[in-house]
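K.L.:
Below: one structure in structure tokens.
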Amino acid sequence: MSNTSVPLSGSLLRQWLSRPAIEVAPDLLGCVIRRTSDDGPVAVRLTEVEAYMGSDDPGSHAYRGRTPRNEVMFGEAGHLYVYFTYGMHFCANVVCGVEGTATAVLLRAGEVIEGVELAQARRPAARTPRDLARGPARLASSLGLVREHNGTDLTERDGSLSLEVWQATGNGQRPHEVATGPRVGVAGPGGDGTHFPWRFWIEGDVTVSKYRAGVTRRR
């Protein structure tokens, strides 16, 4: 049986994303997030992601409930959750699941497939093209994502910020091998790769970031 794909957008894409993050995450590998600004477009093919499961996940921002910071995570699927970390970086997540569950997928790494020169201008410290979006902060920087993009609806294909997903038909086999393991930099119980092997990446892709175990900080 042949294996083809069809693009998803609008209500179909939102429905596709309205599943638990651990189901959506591996399916996002190979998909594209695109932002078009006054400077031009930048598109990133996703090669590494991490799933976060709200109140059932000690590694999630939403584990202890709703706050002004994580409010977007509790909304409908298909919106972008952008947060500021370490006082210097933005990271981006795709909200999944049904409203109120606060499940999301962190966009950890990818390959810039369009707008390489613009991405390089935004990330002059990148030594090679493979490093442009190799890590969640680098990915967000290459796309020019900032706090104002928090809550953006990614299901609008004609919008300035969109998620391009193709649903497989036919035999449904993925065109790449998906690997899984512990999440990067997550300390405590949420960093246990046996119980939370919720980092997914395309095996052998050079843009995948290096694994770094989490460190519990003293208070």
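The values are calculated or read from the model by the stated rules, or taken from the named source; none is laboratory data. This one's a predicted model, so the numbers in the text were calculated from it and none came from an experiment. Neighbour counts run over all protein chains shown; Cβ positions are idealised from the backbone, glycine included. Heads up: the accessible areas ignore ligands, DNA and RNA and are worked out on the full protein's heavy atoms, side chains in. Shrake-Rupley method; radii C 1.70, N 1.55, O 1.52, S 1.80 Å.
K.L.:
What is the packing order of peptides 132-145, 48-61, 176-189, 151-164, taking the mean over residues of other C-beta atoms within 10 Å and listing the highest first?
P.N.:
Details: 132-145: 24.7, 48-61: 22.3, 176-189: 15.9, 151-164: 17.6.
Most protected by this proxy first, the peptides run 132-145, 48-61, 151-164, 176-189.
K.L.:
Under 8 Å for C-alpha pairs, at least 6 residues apart: give me the relative contact order for the stretch 1-111, rounded to a whole percent. Walk me through the numbers on the way to the answer.
P.N.:
On the way: 210 pairs, mean separation 31.7, N = 111.
Relative contact order comes out at 29 percent.
K.L.:
Which cross-chain or sequence-distant (5 or more) residues have an amide H under 5 Å from the amide H of HIS79, H modelled 1.01 Å from N in plane?
P.N.:
Answer set, sorted by chain and number: VAL95, LEU154.
K.L.:
Moving to a separate point now. Sticking with the crude label model, points 7 Å out along Cα→Cβ, report the distance from MET88 to ALA125 in nm, one decimal please.
P.N.:
The answer from the label model is 0.5 nm.
K.L.:
Got a sec? Charge dipole of the chain, +1 on Cβ for Lys and Arg, -1 for Asp and Glu; which of SER9, SER209, SER142 is way out at the positive end?
P.N.:
SER209
K.L.:
While we're here: HN-Hα J couplings of the stretch 71-76 from phi, Karplus 6.51/-1.76/1.60, θ = phi - 60°, integer Hz, Gly and Pro as x?
P.N.:
For the stretch 71-76, the Karplus-derived couplings read 3, 4, 4, 8, x, 6 Hz, x marking Gly and Pro.
K.L.:
Under a 5 Å amide H to amide H cut-off, with H placed in plane at 1.01 Å, what residues pair with GLY110 once short-range neighbours are removed?
P.N.:
Close amide H contacts, sequence-distant or interchain: THR47, ALA133, ARG134, GLY135.
K.L.:
Quick query: amide H of ASN150 versus all other amide H atoms, modeled in the peptide plane; which residues come in under 5 Å with a sequence gap of 5 or more or a different chain?
P.N.:
Residues meeting the amide H criterion: VAL82.
K.L.:
In addition: Return a whole-number percent for the relative contact order of the stretch 1-57, with Cα pairs under 8 Å and 6 or more residues apart as the contact set. Kindly include the intermediate steps, with their values, before the conclusion.
P.N.:
Working: 41 pairs, mean separation 16.9, N = 57.
Normalised by residue count, the contact order of the stretch 1-57 is 30 percent.
K.L.:
Now for a separate question. If the elastic network links every pair of Cα atoms under 10 Å, which of GLN167, GLN120, GLN15 fluctuates the most in the Gaussian network model of the chain?
P.N.:
Top of the fluctuation ranking is GLN167.
K.L.:
Leaving out ligands and nucleic acids, and using a 1.4 Å probe, what accessible area per residue does the chain come to in Å²? Let's see the in-between values first.
P.N.:
On the way: 10970 Å² over 219 residues.
With the other protein chains kept in place, the chain gives 50 Å² per residue.
K.L.:
Once phi is turned into θ = phi - 60°, what whole-Hz ³J(HN,Hα) does the Karplus curve with 6.51, -1.76 and 1.60 give for every residue of the stretch 41-55, x standing for Gly and Pro?
P.N.:
In residue order, the calculated couplings are x, 9, 10, 10, 7, 6, 10, 7, 9, 9, 9, 10, 10, x, 5 Hz.
K.L.:
Simple spin-label model, 7 Å along Cα-to-Cβ: GLU23 to VAL6 in nm?
P.N.:
Those two pseudo-labels are separated by 1.9 nm.
K.L.:
Moving to a separate point now. Each residue of the stretch 145-158 in order: what ³J(HN,Hα) in whole Hz does its phi give by Karplus 6.51 cos²θ - 1.76 cosθ + 1.60, θ = phi - 60°, with x for Gly and Pro?
P.N.:
Karplus values, whole Hz, x for Gly and Pro: 7, 9, 4, 5, 8, 4, x, 4, 7, 7, 7, 8, 4, 8.
K.L.:
Can I ask one more? Quote the relative contact order of the chain in percent (integer), defining contacts as alpha-carbon pairs under 8 Å separated by 6+ residues. Mind showing how you got there, number by number?
P.N.:
Working: 533 pairs, mean separation 58.0, N = 219.
Across the chain, relative contact order equals 26 percent.
K.L.:
Return the distance in nm (one decimal) between the two label points of a simple spin-label model at SER55 and ASP38, each offset 7 Å from Cα along Cα→Cβ.
P.N.:
About 4.4 nm separates the two model spin labels.
K.L.:
Identify which of the listed values of semi-axes √(5λ) of the Cα gyration tensor in Å was calculated from the structure shown: [x] 36, 19, 15; [y] 29, 18, 16; [z] 23, 21, 19.
P.N.:
The calculated read-out lines up with [z].
K.L.:
Ranked highest first by the average count of other Cβ atoms within 10 Å around their residues, in what order do 84-90, 19-25 fall?
P.N.:
Details: 84-90: 11.0, 19-25: 21.1.
Those peptides, ordered most packed to least, come out 19-25, 84-90.
K.L.:
Sticking with this one: Please label the shape of the stretch 1-102 as rounded, prolate or oblate, based on the square roots a ≥ b ≥ c of the eigenvalues of the alpha-carbon gyration tensor (a/c under 1.5 means rounded; beyond that, a/b larger than b/c means prolate, else oblate).
P.N.:
Values: a/c = 1.85, a/b = 1.25, b/c = 1.48.
It comes out oblate by the Cα gyration axes.
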